[in-house]
Every structure is written in structure tokens, then in C-alpha cells.
Amino acid sequence: MADPTDNAGAWQKDLPAIKSTWLTGKGSDTDLPEAVRFLRAVRLLVIERERLPECEFDRAAAMVLVSGTFYENTQGLTRCPFLNTGKDPLTGQVHYLGVSASGRSRVYVGGDGDLLDALAADQADALPTVVYTPKKGGHSKLSWYPSGTRSLDNVHVFPVVFEEPTPALITLAIEGVYQGELKTPDGVPSEAKLWANASKGWASDKAEARVQRAVRIGLHARFPHCRIKAEQPEKDGRTDLEVVGDFGVSPDATTNFAVLEMKVLREKGSTGNDYAPSTITAHIKEGVNQAYTYGTDRKFRDRMLCCFDMRAVNEGPEPVYSAVKSEAETLGVHLCFWYLYRSSKHYRECKTAAALKAG
Amino acid sequence: MTFAPEQPRKMEPELVPRQQAVRVLVLLDALAQAGLVPTPARALHELAYLANVLSPVFELAPFDAKLLKRPSGPYYPELQQAIDHLVGRGLVDARNVEYRLVKEEKRYRVVASYRLRRPLVQAALTRHAQVYQEEALFLRELAAAYSVLSDAQLGCAALEDARYADTSVDQNDVIDFGEYESPANNFSRNAAMAFAPSRQLEPAERLYLYLDHLGRRVAHG
């Protein structure tokens, strides 16, 4: 049967160009939370703009995530269809945008204080906002206010740079996710809970999938120029997470940066069933094998095994990885480790005990 | 590559007007989310057309798999009738309404801009998005991708569309991409699926690539 994609009607002559199109990444992240998509699109947009020699570094700008209702109720905004390509100036304006960083803009007059006033005047100071503070020489900053500029204390700052996803930076990104969401169960919504019964140490049967999703979102936020793929099946098995650089490059210049194998180490299952230490050791060993095999078969630059320890005692990475350390070094698999506490109280107790032990 | 074309939706005749009305509301909502508000009538008809040809990219059935090829671009009389009824019922605001002669077609067409009367329709839109999640996502992403067209391009970009511009159908003949003819003749869908053949792309990614390419064709031919 003929391939129907070879019949493109009026675009038939365009097919070679279509098939070799450079990917932009737009629309590749529809399963992520809106705020993550927005932040990612804004970072890409600013990186794109700063690549151009005509880029302005004069004044701050704000990018606000809004809904259709905002556009309907706000007068005097100008539509900027090319904004999310990086072709339009950003500074000295407030941009009211959707998740893909397209929307409408307004010029503001004055300095940083006037920018905040302009947001308040548009009743946008409680909406998720990125404030772009440009500075030549790669020193620009993006300040992310998830609750709007009305809550100036709730801010996360990101640099405007293209960061290559090395194992060190990937580890840093996961550390951010760990500190913010995974370390203790406090404040975690029910659909993201890692514990079936935290006080008894029973891990949820969805713990691995939930850790994977949280890490995936964190990697998306840290490396907006990369495709973060989950659960990619091949003959050798199914990878957990892949970090691939295929946006903004020709199809033959795609870089497979890193493959991540995620393992949750549990001694109690979701119904209280026991996992023997030998089973856990075998699980870790299997993780090394998987990371190595996927990494070599699929030509990834780096291979990582990320273990999230849900057991009662935090022994630290050294004893946990002792059985596979030499093997992992030989195979070029980076070993990373995070310990998941059962409660904030458990965390405090462990921290105090560690300090006392250290003297 | 496997090809599982979606057949157009079969609708009970008495329900068609109601479904057309819902269609108008969800299209206007998607356009509003993309900042295209108030929405020119031409853009609304054009997005309805693009939604029909590109819905198989999301494995959704087209709302309507045929239309008359007009020299001035896509126009659905039933959709316009639904808009007029919604305006009459006070659910949609119309601005700058006039009837303008389309010389090539020797007929008058409504020129107006529309916006939802949000407080009256939001509950229905929310419910619709809950029930038809995939369709809501598709239309939202399509409208966002469509919003990269300049104001001058809105409403006439489809004249360069892979299916609409195909010369196998003459002006004033019916473009059929699945009603009676094979859905394999949906060249727009075919082109969207042809991007980066060796890679597994998300459906929404194909919409953005398609609309980017359409925009380039409109700008540069």
C-alpha cells in the first residue's frame, strides 16, 4: 500500500523540505502542566531573541500567562503574531501570552517600578509571570513569579543561557525536583503521592511512575531546548527517560544527550509485602545493565541510574551502590541517589541524628 | 507508516444546528485563548476548515469532510447560520457587521468580528472541555498554531493549504477529503504527517509545523 504521506496535494513539491524540517519543539509538551509549558516557551523565546544581533538589552519586560477571558476584558493590547519566534522586540513591554508564548502586548513607560504598576493596572499582578531582566554578555535573568508579582517573595530565578544537559546539570535539575516535591510527602497532592502508607513505610505501587513524571517535568523546565521522552520502547526494552536535543537543529544533527534509568528502592510494597535486600540489590544491578544497554544501543552520550531510596534507614549512596560501583564505572553509568523521607518529622530526626553522629 | 483515516462524524439531522452552535462556541473559545479576539468571521471559517482537515492528526473525526471550493477561501454557510443564531440569542457579540460583495463569487458575505459573551457560555464550554478533552486540546493547540499568522494572512491562508489549493478540484467544485472520496485524499493531513518521518512527533507538534509551513507559503509563495 502506498504511503499516503507521499501525496501532499498542492504541497507535493514541498515534501523534501517538509521531511527535513527543523523541529521547533512547539506542541511537544502538551501533557505538561500549563505553567511548565509557559515557562519553557518563554525561556526558549528569550534565548532565541538574545541570539539575534539586534536584540535589545535596555529595559525589563514581563510575560504573563493569561486565559482567553483576559484578552476579552482587556483593551488596548496589540497582537504580536511573531513574538514566539524571537523576531519581535521584547523589552519595555508587558506581554500577555498563552502557554505557547503567543498573544498580545502593551508598551509601558518608565522603569522597573512602572512595569509592576502596569501589571497591577491591568489586574495581572496575581497571574503567573516571568520578569525578564536583560543584561548583555549572557547575564540576563528570568524571574518566575508563579503567584504573580503581587507575591514578590515567591520567586525562582533562571539564567538565560543554553545549558547542555551534562550529568552534573541533570543531577542538579533532579535535586531541585527532589528538594521541592519529593523529599518528604508534605504538601504533595494525592495524585502524586509516593507512599501508600507513609507511617508504615509502604510505598505506593505508582511510586516509580510518579517520581519519573516529577523528574521529567523538572528536566523540561531546566532544559527547555531538549525533548524529554518517557517510556520509549525498542528491541532492547523500554527506557525511563531520554534527554534528546532535536529542536532547532537539522534532523541529522540530533544529539542523544542522556538516558536515565529510574529505580525506586522499597522494602515494603503498597500492601505491606516485603522486598528482600537481595531483591533490591538485583534491582539496582538491573538498573545499571539497563542504563548501559539503552545508552550504547541508542547512542546516548551519557547513561545515568537514578535511585530513590524509600527504605526505613538512609544509608547513603556508598553502601547502596557498593555492589555495582566498579561495574558502573567500567560501563560508564553515572550513579545518582536520593533518599525519600516518610514525613517531615522523619526528615528532622534523620538530620539531627546525622549531626550528632558527626559530632 | 500506517494510515487509519477517521471517517467524518455522522449526525442526526435534527441535532445538526445544535452541534453547529457548539462548534462555533468552542472555535471562538480556542481563538480567544490564542489572543485572536474579537475574531474576524473569515478567521473563524478558516479555523473551522483547518480543524476539519487536520483533526485526523489527532485521530479525531472531521466535523465535516467536504466544502465548496471558493476563490476567496473557506466559508461554511451552516456555520455562519449558527453564528447568526448565537448572536441573536445574545451568546456571541458581533461588531462592525456589514455585508460585503465578494466579486469572484458574485455574492455578499458577512464581514464582522465576534466574541463570546463569556459569563453566559463559560459553564457550557467547561463541560464540553471535560467531556471532549482530546478535541478541546486539539482546537486549543490548533488555534495557538494558527495565531502565528499575521492579521493580513488570517482568513486567506487556507488558499495556500495543501488540500484547498490542490488543483485537482476546480473553483466552485466540492473539496472532499472523506465524505464520499477516500480520506487518503486529505492532503493536509498527509503533509502534516510527513514532517520528520524518522521521528516520533507529538500530534500538536505537527500542527505547529504545518501552520509554520503554511505561513511561509502565504508569505513567500
Worksheet entry | Qualifying residues in the stretch A:99-114 (those that are open to solvent by 10 Å² or more (accessible area, probe 1.4 Å) and in contact (Cβ under 8 Å) with a residue 24 or more places away in the chain) - the one farthest from the other protein chains (Cβ to nearest Cβ) | A:111
Item to complete: Could you grab me the full set of residues in the stretch A:81-92 that are surrounded by 15 or more Cβ atoms within 10 Å (Cβ to Cβ) and within 14 Å of chain B (Cβ to nearest Cβ)?
Response: A:81, A:83, A:84, A:85, A:86, A:88
Discussion item. Checking the condition farther than 19 Å from residue A:164 by Cα and either in a loop (DSSP other than H, G, I, E, B) or not hydroxyl-bearing (Ser, Thr, Tyr) (or both), which residue from A:244, A:249, A:259, A:264 passes?
Written reply: A:264
Fill in: Scan of the stretch A:220-241 for residues that are touching a residue at least 24 places away in the same chain (Cβ under 8 Å) and open to solvent by less than 10 Å² (accessible area, probe 1.4 Å), ordered by number
A:220, A:223, A:224, A:226, A:239, A:241
Discussion item. When you scan the stretch B:181-191, do you find a residue that is among the acidic types (Asp, Glu) and either at the interface with chain A (Cβ under 7 Å from one of its Cβ atoms) or open to solvent by less than 30 Å² (accessible area, probe 1.4 Å) (or both), even just one?
Written reply: no
Worksheet entry | Verdict on residue B:194 being at the interface with another protein chain (Cβ under 9 Å from one of its Cβ atoms), open to solvent by less than 40 Å² (accessible area, probe 1.4 Å) and modelled with pLDDT under 95 | no
Worksheet entry | Cross-chain or 6+ apart pairs with Cβ under 7 Å, the stretch A:307-336 first and of a type outside the set (Phe, Trp, Tyr) and assigned to a helix (DSSP H, G or I), then open to solvent by 70 Å² or more (accessible area, probe 1.4 Å) and at pLDDT 95 or above | A:331/A:292
Worksheet item: Tell me, which residue of the stretch B:8-41 that is open to solvent by 20 Å² or more (accessible area, probe 1.4 Å) and closer than 25 Å to residue A:95 by Cα is farthest from the other protein chains (Cβ to nearest Cβ)?
Response: B:40
Discussion item. Condition first: open to solvent by 30 Å² or more (accessible area, probe 1.4 Å) and facing chain B (nearest Cβ under 7 Å). Now tell me which residues in the stretch A:15-38 satisfy that.
Written reply: A:19, A:24, A:26, A:30
Practice prompt. Take residue A:291 and decide whether it is outside any loop (DSSP other than H, G, I, E, B) and surrounded by 15 or more Cβ atoms within 10 Å (Cβ to Cβ).
Written response: yes
Practice prompt. Please work out which residue is farthest from residue B:115 (Cα to Cα), limiting yourself to the stretch B:47-71 and to residues that are open to solvent by 10 Å² or more (accessible area, probe 1.4 Å) and part of a loop (DSSP other than H, G, I, E, B).
Written response: B:59
Practice prompt. Taking the options A:151, A:204, A:143, name whichever one is open to solvent by 20 Å² or more (accessible area, probe 1.4 Å) and more than 14 Å from the chain's Cα centre (by Cα).
Written response: A:151
Fill in: Complete set of residues in the stretch A:39-60 that are within 14 Å of residue A:84 (Cβ to Cβ), open to solvent by less than 30 Å² (accessible area, probe 1.4 Å) and either out of contact with any helix residue (DSSP H, G or I) (no Cβ under 7 Å at 6 or more places or on another chain) or modelled with pLDDT of 95 or more (or both)
A:42, A:43, A:46, A:47, A:49
Worksheet item: Out of all the residues in the stretch B:140-153, which are more than 8 Å from chain A (Cβ to nearest Cβ) and crowded, with 22+ Cβ neighbours inside 10 Å?
Response: B:140, B:142, B:143, B:146
Practice prompt. Kindly indicate whether residue B:44 is buried (at least 18 other Cβ atoms within 10 Å of the Cβ) and not in a helix (DSSP H, G or I).
Written response: no
Worksheet item: Does the stretch B:87-109 include one or more residues that are surrounded by 22 or more Cβ atoms within 10 Å (Cβ to Cβ), free of Cβ contacts under 8 Å to residues at least 60 places away in the same chain and away from chain A (no Cβ under 14 Å)?
Response: no
Worksheet item: Of the conditions (1) open to solvent by 30 Å² or more (accessible area, probe 1.4 Å); (2) at pLDDT below 95; (3) within 7 Å of chain A (Cβ to nearest Cβ), residue B:173 fails just one. Which one is it?
Response: (3)
Discussion item. Checking residue A:213 against (1) within 16 Å of the chain's Cα centre (by Cα); (2) part of a loop (DSSP other than H, G, I, E, B): exactly one of these is not met. Which one?
Written reply: (2)
Response to the item:
Scanning the stretch A:24-48 residue by residue, those under 12 Å from residue A:132 (Cα atoms) and either more than 14 Å from the chain's Cα centre (by Cα) or free of Cβ contacts under 8 Å to residues at least 40 places away in the same chain (or both) turn out to be A:45, A:46, A:47
Practice prompt. Give B:159, B:137, B:120 a once-over and let me know the one that is at the interface with chain A (Cβ under 8 Å from one of its Cβ atoms), open to solvent by 10 Å² or more (accessible area, probe 1.4 Å), at pLDDT 95 or above and within 25 Å of residue B:83 (Cα to Cα).
Written response: B:137
Response to the item:
Result of the Cβ filter at 9 Å on the stretch A:134-146, keeping first residues that are within 14 Å of residue A:38 (Cβ to Cβ) and partners that are basic (Lys, Arg), at least 6 apart or interchain, is A:142/A:43
Worksheet item: Inside the stretch A:63-80, can you point out the residues that are more than 10 Å from chain B (Cβ to nearest Cβ), open to solvent by less than 10 Å² (accessible area, probe 1.4 Å) and over 17 Å from residue A:134 (Cβ atoms)?
Response: A:64
Practice prompt. Filter the stretch A:2-13 for residues that are facing another protein chain (nearest Cβ under 7 Å) and among the charged types (D, E, K, R) and give the result.
Written response: A:3
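The values are calculated or read from the model by the stated rules, or taken from the named source; none is laboratory data. This is a predicted model, so every value here is computed, not measured. Ideal geometry is used to build each Cβ from the backbone, glycine not excepted, and the neighbour counts take in all protein chains shown. Side chains are part of the model used for accessible areas, which takes the heavy atoms of the whole protein and leaves out ligands, DNA and RNA. Shrake-Rupley method; radii C 1.70, N 1.55, O 1.52, S 1.80 Å.
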